[in-house]
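> My questions all concern the structure below.
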Amino acid sequence: MLVNPQFADIIGRMATVKRGHRQAEREAGREADLAPYLPWYRLMVTARRFEEEAERAFRRGKIGGYLHVYTGQEAVAAGFLAAIRPDDIFFTAYRDHAHAIIRGTPPDAVMAELFGKVTGVAKGKGGSMHLFDVARGLYGGYGIVGSHIPLATGAAYALRYQSTDRVCLCFLGDGAMHSGSFHEPVNLAALWGREGLCPIVYIIENNQYAMGTSVERSTVVTNLASHFDAYGIDNEQVDGQDFFAVKSAADRIVAQVRKTGRPRGIEAITYRFAAHGAADLFQVYRSREEVEAQRRKDPILLMERRLRRAGALDDERVEVIRREVEAAVAAALRFAEESPEPPPEALQTDIYGQG
Amino acid sequence: MPKMGDAMTEGKVLRWMKRPGDRVEVGEALAEIETDMVNVELPAEETGTLAEILVAEGGVVPVGSPIAMIRRPGEEAGRHVPSGPPAPPSAAVPERRAEAAGGTAAPGRGPSEEQIKASPVARRLARERGIDLAGIHGTGPEGRITKEDVEAFIAGRAGAPSVPPRSGAPTPSTEEVPLTRMRQTIARRMTESKQQAPHFYVTVEILMDAALGLREQLNKDLGEKVVSVNDLVLKAAAMALRTFLNLNASFAGETVRRHPEIHMGFALALPEGLIVPVIRRCDQKGIAEIAREAEDLGERARQGKLRPEELQGGTFTVSNLGMFDVESFAAIINPPQAAILAVGSAQSRAIADGGAVRAAHVMKATLSADHRVTDGAEAARYLGEVKRLLQNPTLLA
Amino acid sequence: MGQVLTYRDALRSTLIEEMDRDPAVILIGEDIGVYQGTFRVTADLMQRYGPKRVIDTPISERGFIGAAIGMAMLGLRPVVEVMTWNFSLLAADQILNNAAKVRYFSGGQVDVPLVIRGPNGAGVQLSAQHSQSLEALYAHFPGLWVVAPATPADARGLLRTAIRGRDPVIFLENAALYGTKGEVPDGEFALPFGQADIARSGKDVTIVAYSRMVNLALAAAEQLAREGIDPEVINLRTLRPLDRETLARSVRRTHRAVVVQEQWKPFGAAAEIAAVIYEGAFDSLDAPVERETGADAPMPYARNLELLALPHERDIVDAVKRTLYRT
């Protein structure tokens, strides 16, 4: 088997998180009732199918600008979103379609936003990188790498200041960790957390590459979770392709954060099957073999296997879900296609709240 | 034609790697596409048979255009590769127009008017007064004509450069009295009026005995001496305008603007100058009402307490120098009005009436009229009507 | 009803009133708490409201200004102090890419009731990095309000409106103004944005200024009055929104305008103000609009050079005379 040095390192890192994987299995139990997780499986399948159709729509010229799909990383978003309450909030960067869909935003409205239609979640004025669904706790959707991390940190402070026990999740990529936009607010989070005033979980979606630059070429300390040590923030790593491992860790961490109001960091080791974005045609920074090997650890397949073993899924159910998801995404495409564009007046609305 | 980059609007089919009739599998390379940045292979999105090639090698089409048809197994011919209409209009083939050599036609250099330097407000003033900028000397930088330059020109001072406004020590016996604002305004407006409106003059003599009698009667009835001859003249002049609407008008270039209502100004001499308060809808008011209003306006004018709207909006003016025993005079039209009526005093004179000589009070009234708006015959007929009303004053009530 | 207060006290008392009134109002900044604030605008406030509401931060503008934006999105009303506006550049991405735009690209799903305040403009010999006047940068961005109070009354009125609003406000103070005194109305006095003040009525020329330059313009006006010229001085109060109506109405009457601004002439605030004047009063102008600005150079340290780099009373007087063709 052809192995390039980068690839070997990834395997190595995966091995260190097997511990979490096994713990999750023990917690979940081989024969335990995994049926409650079927909705999350379905949402992950929906997110996957959505991303595939979004890419096709992009190639056809229906979606403009940038398109960053989450294909291969679904378990990270699902595992954490399954662990929070409806009144909790979360921020992410621009690879945000799956987060919205898994949280429950209708795929219709998400696709319409990608198509730039007035029926989109942001009335067509944000696009792929700026998905907001404040009613469901999704506060964006941001285009500048790392730029949302200070916002999430302040938002967490506000939650405690307002005497609630709501929690804030902040998803970020490995590429964001070297920006001042990461270090400055994380330091503030630790300081405020000392007073119990910063109930935030920083979730590093380490998909190994910041566009074309691997983690190895971005930092000397490739154990990204350990970067939180510098700020005195408890941290850990988890196998991001294993939904149950993520969910198990998330439950524990979210409970802790909710109780103490102190921030936590977690590095979810995952992989991006698709290119970084629409223009990343050749993916010269990694080999096809590496991608192929990673696809064997497809989080949806892994979850499907677990669910089948536990009797929650079988061929028929898988097929039913597949067909229903297909139909839902097709309907979303049609909805987006048929929806109108924003009216010309919309150019000048939502700039100010007053005046 | 797939979109391979966010800014890509069109692509070229370089080479087809399959021919119609070939089987294709999902993911198999169908064609080589050239985009603005790179060449890529286009993978098939469906498994089936390549039914038809729609764009030949070398063809350039917009993103989103169909370039081939694949028939799925078991399908009849005629199924399109779904691609939908191309993206919104902005994705149309970008026009690579050659840059027009040189500029497009430069705005034609107009006549010399363009080359005269003048500030915007100076231009506007000149335009409003119908003055040619070419005749004004500019004292601003590089000969720019300023507002002051135009105002100086209008005020009638010689625009010739040799007469700077403030220079030269006055000779011992000359006194330089600065013009008040009011005087400046009068100077400007009267000059303007004489320069622009071609004046002509028509005079009639009016027998005023009956009118004087009416005045006395009215004052007795009212219990106070409030009605004056001028009030009667105002009423008569106003009523007569109803029949001669053309004189209740203004010259407006291409048209004569006839005013729907009759607002009579009457000239009032103040120590500092002349003002013209206005009695609105004068033709509809009774003589006593006119008298009272005129007295009130006059009083407040002397106190300087008139409101701006009481000095504006007049459509016709009456000027009366009767109190100075003047026999007759010709007034200057108050722009933008079309005419002004100047009356002298009602003097006791001998007249010939029915072959015999008798004494009567005779008043001369002179109409100055704007020949752009009216002519002698109409002016004469108007005066005839004024005369008729004053000589039959019961008609004035 | 009012009292005479310093600009600083007008700010501070307004902060106290607003914090007493609404628990959502909190303060964030460097050395605003224990140190009492570099310019003492927040003196004793940590003592009064506690460290949860008056947050001292480490030196990390991007972090704490971004955090303040996040707090605002979740319903708090943060008032951030930047020690000087020069330091705001470190947080430019947060202010310009997030605060100004998040309402828009979320399709109106969030408010950003945030005030960022602090001293703007040159001090005395603070050199190039500490002397900048950044209004032209911030006023360029839709989504922000940019205000520059010149008097203690302006300070109170505009700060109150800023705190109670729903949008991010760039609140530009000036170190030289903190100690100036003026009559400040009592009660819930508030000034709407976009309403300039005629600081001095006149008929011969309109001098337009904001912030510290207003006092300079008034001094120049006194000098001109002694020479028989009667200027009108407009204190703009806010730059975005700009009171176009007052500007146009004034210049239509006076026929001349001089715009005064610190800092560099190219692409500065005076350029926009002049353009607005041309748009509103072109046919009334008797001379081109003059701009009196700082020199087009980084601020030097040497005092003599610094003085050359800033506008002065006599520059304004000369500019006025140029518009009257009296040079």
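A short reminder: the numbers here are calculations on the coordinates, not readings from a lab. Just so it is clear, the structure is predicted and the values come from calculations on it, not from any experiment. Cβ sites come from the backbone with ideal geometry, for glycine too, and all protein chains shown count toward neighbours.
> Under 11 Å from the 7 Å Cα→Cβ point of B:R349, by amide nitrogen: which residues of region B:202-226?
B:204-207
> Hey, another quick one. Compute the FRET efficiency between C:E279 and A:I351 as 1/(1 + (r/R0)^6), taking r as their Cβ-Cβ distance and R0 = 25 Å, and round to the nearest 0.05.
Efficiency for this residue pair is about 0.75.
> Across peptide A:343-351, what mean number of C-beta atoms from other chains lies inside 10 Å of a residue's C-beta?
The per-residue average across the peptide is 3.
> Here's something else I'd like to know. Express in % the proportion of alpha carbon pairs of region C:119-256 at distances exceeding 22 Å.
41
> Residues with amide H under 5 Å of B:I279's amide H, sequence separation 5 or more or different chain, H placed in the peptide plane at 1.01 Å from N; which?
Those qualifying (amide H under 5 Å, at least 5 residues apart or on another chain) are B:M264, B:G265, B:F266.
> Which ³J(HN,Hα) values, rounded to whole Hz and listed in residue order, are derived for region C:12-22 from phi using the Karplus coefficients 6.51, -1.76 and 1.60 in 6.51 cos²θ - 1.76 cosθ + 1.60 with θ = phi - 60°, glycine and proline given as x?
5, 5, 5, 4, 5, 4, 6, 6, 5, 7, 9
> Calculate one ³J(HN,Hα) per residue across region C:121-129 by plugging θ = phi - 60° into the Karplus curve 6.51 cos²θ - 1.76 cosθ + 1.60, and present them in order as whole Hz with x for glycine and proline.
Running phi through 6.51 cos²θ - 1.76 cosθ + 1.60 with θ = phi - 60° gives x, 6, x, 10, 6, 8, 6, 5, 7 Hz.
> Sort all Cα-Cα distances of chain A into consecutive 20 angstrom bins from zero, then give the percent of pairs in each bin up to the one containing the longest distance.
30, 60, 9, 0
> Okay, next question. Given just the C-alpha atoms of chain C, how large is their convex hull per residue in cubic angstrom?
Dividing the Cα hull volume of chain C by its residues yields 131 Å³.
> Using r as the Cβ-Cβ distance of B:N219 and B:Q184, and R0 as 30 Å, what FRET efficiency do you calculate, to the nearest 0.05?
That pair, B:N219 with B:Q184, gives E of 0.15.
> Could you please tell me the mean projected area of the C-alpha convex hull for the protein assembly as shown, averaged over all directions and given in square nanometres to one decimal?
So the Cα hull casts an average projection of 64.5 nm².
> Okay, moving on. Exposed loop sites here are chymotrypsin sites (Phe, Trp or Tyr not before Pro) in DSSP loop states with at most 14 other C-beta atoms within 10 Å. What is the longest stretch of chain C lacking them?
The longest uninterrupted stretch comes out as C:36-266.
> May I ask you to evaluate 6.51 cos²θ - 1.76 cosθ + 1.60, the Karplus curve with θ = phi - 60°, for each residue of region B:217-231 and list the ³J(HN,Hα) values in order in whole Hz, giving x for glycine and proline?
Karplus values, whole Hz, x for Gly and Pro: 4, 4, 5, 5, 4, 7, x, 8, 8, 10, 7, 10, 4, 4, 5.
> What is region B:114-162's relative contact order, in percent, from Cα pairs under 8 angstrom and six or more apart in sequence?
Dividing the mean separation by the residue count of region B:114-162 yields 38 percent.
> Taking the highest mean first, how do the peptides B:67-74, A:86-93 order by number of other beta carbon atoms within 10 angstrom per residue?
Ranking the peptides B:67-74, A:86-93 by packing returns A:86-93, B:67-74.
> Considering the Cα trace of region C:1-131, what is its radius of gyration and what is Dmax, both in angstroms?
Just the Cα atoms of region C:1-131 yield Rg and Dmax of 15.2, 46 Å.
> With a sphere of radius 11 Å drawn around the Cβ of B:E310, what net charge do the other residues whose Cβ falls strictly inside it have (Lys, Arg +1; Asp, Glu -1)?
Combined, the nearby Lys, Arg, Asp and Glu give +1.
> Kindly state, to the nearest 0.05, the FRET efficiency for C:E227 paired with C:E183, given R0 = 35 Å and r defined as their beta-carbon distance.
My answer for the efficiency is 0.75.
> Under 1.5 on a/c is rounded, so check that first for region B:114-162, then, if it is not, pick prolate when a/b is larger than b/c and oblate when it is not; a ≥ b ≥ c are the square roots of the alpha carbon gyration tensor eigenvalues.
Oblate shape, in that a/c is at least 1.5 and b/c is the bigger or equal ratio.
> Measuring from a point 7 Å past the Cα of B:M17 along Cα-to-C-beta, which residues in region A:277-319 have an amide N at less than 11 Å?
No residues fall inside that zone.
> Summarise the partner chain shielding of C:254-264 as one whole number: the mean count of Cβ atoms from other chains within 10 Å of each residue's Cβ.
For peptide C:254-264, the averaged partner shielding equals 1.
> Between region B:204-218 and region C:54-120, how many Å separate their Cα centres?
Region B:204-218 and region C:54-120 have Cα centres separated by 86 Å.
> Amide H of A:A278: which non-local residues (sequence gap of 5 or more, or other chain) have their own amide H closer than 5 Å, using H built in the peptide plane?
Counting only residues 5 or more places away or on other chains, the set is A:L67.
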